[in-house]
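Working notes, structure below.
The values are calculated or read from the model by the stated rules, or taken from the named source; none is laboratory data. Only a predicted model underlies this, so the values are computations on that prediction, with no experimental measurement involved. Here the Cβ positions follow ideal geometry from the backbone for every residue, glycine too, while neighbour counts run over all protein chains shown. Note: areas computed on protein heavy atoms with side chains; ligands, DNA, RNA excluded. Shrake-Rupley method; radii C 1.70, N 1.55, O 1.52, S 1.80 Å.
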Amino acid sequence: MEGICPHCESPARGDECDQGCNRHLEPGEILEPTCKICENKAEYREQEHFFFRLSSFRDFLLEYLETLEGTSNARNYAREWVNQELRDWCITRNLEWGVRFPGHDELVVYVWVDAPIGYISFTEEYCNNAGLDWKDIWQGDSSIIHFIGQDIAYHHCIFWPAMLKGAGYSLPKAVVASGMVKIDDKTFSKSRGYVVWVNDDYLDHGFQPDLLRYYLASYTSHTKDLNFSWKVFQEKVNNELVGSLGNFLYRTLHFTHKNFGEVPEGAVSDKVLDEIRSTIQKVTVAMEEYEFKKAIDIIMGLSAYGNTYFQSKEPWHLIKNDRVACAGVVKDCLQVAKALVLLFEPVIPTKMNEAWGHLGQKGDVSQMKYDEGLVELESKRPLPKPAILFTKIDDKKIDEMEVIMNKRIAEAMAKEEKSAPQVPVIPVVTFEEFNTMDIRVGTVVSAEAIKGSDKLLKLQIDIGEDIPRQVVAGIALTHVADELVGRQIILLANMKPAKMFGVESRGMILAADENGAVLLQPESKVENGTPIR
RNA sequence: AGCGGGGUGGGGUAGUCAGGAAAUCCCGACGGGCUCAUAACCCGUAGAUCCAUGGUUCGAAUCCAUGCCCCGCUACCA
């Protein structure tokens, strides 16, 4: 639907004045609404709909939001919504597709009614397979935590808790709302090609899932936008996962396997255990605050600690003349490695499960608690030959991925141009840009036809300079040379000089272009050279 | 326009709620070291008007006010 903005009279569409004042328009506010497709006028029709009595949940919501955990952006936003006005919520739509509204085949349920109920459905599905009871989660004492984009905060902080409350279900404990995902700093958009498909663009190209998990979890705090670019992806993987974490795990395990073949004897030093303990504490706090980026930074700090420890203790020297001291260093490093594997398991589970095996450990890491990182590795436990966990992504691979993306963007652009109505886009100019044009009033001193040309006249124009300007103008079809002499005109004086029919022209006369030229002139006579603004 | 979130070295990013000496970390640049490890790792150097202006304070990236810019939402797009 298109129409006119009631605030600034610019063309507006739908519910937003997108070309003018940018204001949001309520239904009915837009003037002269017409259908964009058939161009008929929009009209009001009467229909039966169903509403959820949201207004009666006001007190409940205000109280509930005070206790809701998660990010403050979601909570603050929802609180203001409820504070301002809580209207009853229309929960039916006249659409072909959707979940039919009971007893009314012509209506479907609004998607934000049935979509979150899907959370319950898939919990039930999961529980059925896992031998659990979904009611323990949705009707019992549980911790329900929603991870959402900030664009749907009000659905999850207002509508959904009200529905659950009304139905007597358990309420979400926390809502963690993150910024938007961007691709190459552009708004994520399937139609514009700014999209990375997990199957087609990632898994099918041989990228391992843990790498993307790491990128998403470690990029930034929840409240900021998360940008994805292949270049940054490569940098993060190569520097952080390969260079720091992977390298520490591998150099430690490889060195141990080569020189000892098993977990060496001796106790882990207190200093190292303290470092691990303090890391676990800090990570636990960060995780409880849902601050994944912070948690990962702390874990990576332990990895850096491990690398520095290995470097400064120089076990490759010790092995030659002090095997016992070397064993101590190795044991310390192995313990750090164990802690790293446990701490990183939630973020990069596949790789950490592999590493768990490299440490000679049995069982499922995901079932272990963080504190297992303080349990010293059992001496004499044989260690298998370790394998490299993460490999570098080379430039060529990244170039390939960028080509794929750029191609998709170009195709989307071409498609857009084809389908979009051909409205010429007139760029906006700044005052400074306008000021670059030297437009002045001048008087025609002389005018004559140019030999061999039907359209051109050669004019001499006085714009207050010592010598009149020579200008060639394409106005011969509408103007007789002699009648122009003495008339005032408007001249763009700093037009780039050009030659037409061998005659130099140093300016352009301004005219309205209506089936020929209609010359502009001042309202009243002014001095030659007067600038136009 | 209203409401919410954000603006920190060349790029990215932490710190802001609970003000405190020289502002974190990663990349990039420069110099050095090491050789167990995937040209990796370690040490060091340079680089920041912490969006702007004003205020509070012994002290402000941090608190307050105003302004500018970016993002999200505004109940019938999901």
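Looking across the stretch A:1-19, the residues that are assigned to a loop (DSSP other than H, G, I, E, B) and either of a type outside the set (A, V, I, L, M) or loosely packed, with under 11 Cβ neighbours inside 10 Å (or both) come down to A:Cys5, A:Pro6, A:His7, A:Cys8, A:Glu9, A:Ser10, A:Gly14, A:Asp15, A:Cys17, A:Asp18, A:Gln19. Filtering the stretch A:341-366 to residues that are under 30 Å from the mean Cα position of the chain (by Cα), in a helix (DSSP H, G or I) and not aromatic (Phe, Trp, Tyr) leaves A:Leu343, A:Pro349, A:Thr350, A:Lys351, A:Met352. Residues in the stretch A:92-105 that are within 13 Å of RNA strand B (Cβ to nearest atom) and surrounded by fewer than 13 Cβ atoms within 10 Å (Cβ to Cβ): A:Asn94, A:Leu95, A:Glu96, A:Trp97. Note on the stretch A:142-181: residues that are within 9 Å of RNA strand B (Cβ to nearest atom) and polar (S, T, N, Q) amount to 1.
Looking for whichever is in the same structural domain as A:Phe57 (by TED's automatic domain parsing), part of a helix (DSSP H, G or I) and out of contact with any Asp or Glu (no Cβ under 9 Å at 6 or more places or on another chain) here; the options are A:Ser121, A:Ser143. Which one fits? So the residue among A:Ser121, A:Ser143 that is in the same structural domain as A:Phe57 (by TED's automatic domain parsing), part of a helix (DSSP H, G or I) and out of contact with any Asp or Glu (no Cβ under 9 Å at 6 or more places or on another chain) is A:Ser121.
The single condition among (1) touching a Pro at 6+ places or on another chain (Cβ under 7 Å); (2) farther than 25 Å from A:Val111 by Cα that A:Met1 does not meet is (2). Does the stretch A:129-141 include one or more residues that are surrounded by 15 or more Cβ atoms within 10 Å (Cβ to Cβ), among the β-branched types (Val, Ile, Thr) and within 15 Å of RNA strand B (Cβ to nearest atom)? The answer is no, given that none of the residues of the stretch A:129-141 is surrounded by 15 or more Cβ atoms within 10 Å (Cβ to Cβ), among the β-branched types (Val, Ile, Thr) and within 15 Å of RNA strand B (Cβ to nearest atom).
Taken together, A:Leu377, A:Leu359, A:Leu383 contain a single residue that is under 30 Å from A:Val341 (Cβ atoms), in contact with a His (Cβ under 6 Å, 6 or more places away or on another chain), at pLDDT 80 or above and hydrophobic (A, V, I, L, M, F, W, C), which is A:Leu383.
Restricting A:Leu253, A:Leu216, A:Leu245, A:Leu249 to residues that are within 12 Å of RNA strand B (Cβ to nearest atom) and within 28 Å of A:Thr71 (Cβ to Cβ) narrows the list to A:Leu245. The set of residues in the stretch A:230-264 that are open to solvent by 10 Å² or more (accessible area, probe 1.4 Å) and not in a helix (DSSP H, G or I) comprises A:Phe260, A:Gly261, A:Glu262. Could we say that A:Ile37 is outside the structural domain of A:Leu107 (by TED's automatic domain parsing), surrounded by fewer than 17 Cβ atoms within 10 Å (Cβ to Cβ), of a type in the set (Val, Ile, Thr) and within 33 Å of the chain's Cα centre (by Cα) here? It is true that A:Ile37 is outside the structural domain of A:Leu107 (by TED's automatic domain parsing), surrounded by fewer than 17 Cβ atoms within 10 Å (Cβ to Cβ), of a type in the set (Val, Ile, Thr) and within 33 Å of the chain's Cα centre (by Cα). With respect to (1) more than 21 Å from A:Leu389 (Cβ to Cβ); (2) more than 9 Å from RNA strand B (Cβ to nearest atom); (3) hydrophobic (A, V, I, L, M, F, W, C), the lone exception for A:Leu226 is condition (2).
Those residues that are under 11 Å from A:Lys231 (Cβ atoms), assigned to a helix (DSSP H, G or I) and open to solvent by less than 60 Å² (accessible area, probe 1.4 Å), I need them from the stretch A:392-401; list them, please. Answer for the stretch A:392-401, where residues must be under 11 Å from A:Lys231 (Cβ atoms), assigned to a helix (DSSP H, G or I) and open to solvent by less than 60 Å² (accessible area, probe 1.4 Å): A:Ile398, A:Met401. The set of residues in the stretch A:40-58 being open to solvent by 80 Å² or more (accessible area, probe 1.4 Å), more than 8 Å from RNA strand B (Cβ to nearest atom) and assigned to a loop (DSSP other than H, G, I, E, B) consists of A:Asn40, A:Glu43, A:Tyr44, A:Arg45, A:Glu46, A:Glu48, A:Arg53.
In the stretch A:20-39, which residues are in a loop (DSSP other than H, G, I, E, B), within 15 Å of A:Ile4 (Cα to Cα) and either within 12 Å of RNA strand B (Cβ to nearest atom) or free of Cβ contacts under 8 Å to residues at least 12 places away in the same chain (or both)? Within the stretch A:20-39, A:Gly20, A:Cys21, A:Asn22, A:Arg23, A:Leu25, A:Glu26, A:Pro27, A:Gly28, A:Glu29, A:Ile30, A:Glu39 meet the criteria.
Within the stretch A:342-351, being in contact (Cβ under 8 Å) with a residue 60 or more places away in the chain and touching an Asp or Glu at 6+ places or on another chain (Cβ under 8 Å) holds for A:Val347, A:Ile348, A:Pro349, A:Thr350, A:Lys351. Here A:Leu374 passes the criteria (1) farther than 16 Å from A:Leu302 by Cβ; (2) over 33 Å from the mean Cα position of the chain (by Cα); (3) open to solvent by less than 50 Å² (accessible area, probe 1.4 Å) except the one numbered (1).
A residue that is near RNA strand B (Cβ under 7 Å from one of its atoms), of a type outside the set (A, V, I, L, M) and assigned to a loop (DSSP other than H, G, I, E, B) occurs nowhere in the stretch A:68-75. Looking across the stretch A:165-189, the residues that are polar (S, T, N, Q), part of a strand (DSSP E or B) and open to solvent by less than 50 Å² (accessible area, probe 1.4 Å) come down to A:Ser178, A:Ser189.
Annotation note: Cβ proximity below 9 Å between a residue of the stretch A:249-276 that is assigned by TED's automatic domain parsing to the domain that holds A:Asp322 and over 16 Å from A:Ala327 (Cβ atoms) and a residue that is more than 16 Å from RNA strand B (Cβ to nearest atom) and not in a helix (DSSP H, G or I) (sequence gap 6+ or interchain) occurs for A:Leu273/A:Glu376; A:Ile276/A:Val268. The listed residues are A:Ala167, A:Ala174, A:Ala162, and the only one of them that is of a type in the set (A, V, I, L, M, F, W, C), touching a strand residue (DSSP E or B) at 6+ places or on another chain (Cβ under 6 Å), modelled with pLDDT of 90 or more and not assigned by TED's automatic domain parsing to the domain that holds A:Asp399 turns out to be A:Ala174.
Scanning the stretch A:504-517 for residues that are in a strand (DSSP E or B), surrounded by 13 or more Cβ atoms within 10 Å (Cβ to Cβ) and not polar (S, T, N, Q) yields A:Met508, A:Ile509, A:Ala511, A:Ala517. For the stretch A:488-503, residues that are in a loop (DSSP other than H, G, I, E, B) and surrounded by 14 or more Cβ atoms within 10 Å (Cβ to Cβ) total 3.
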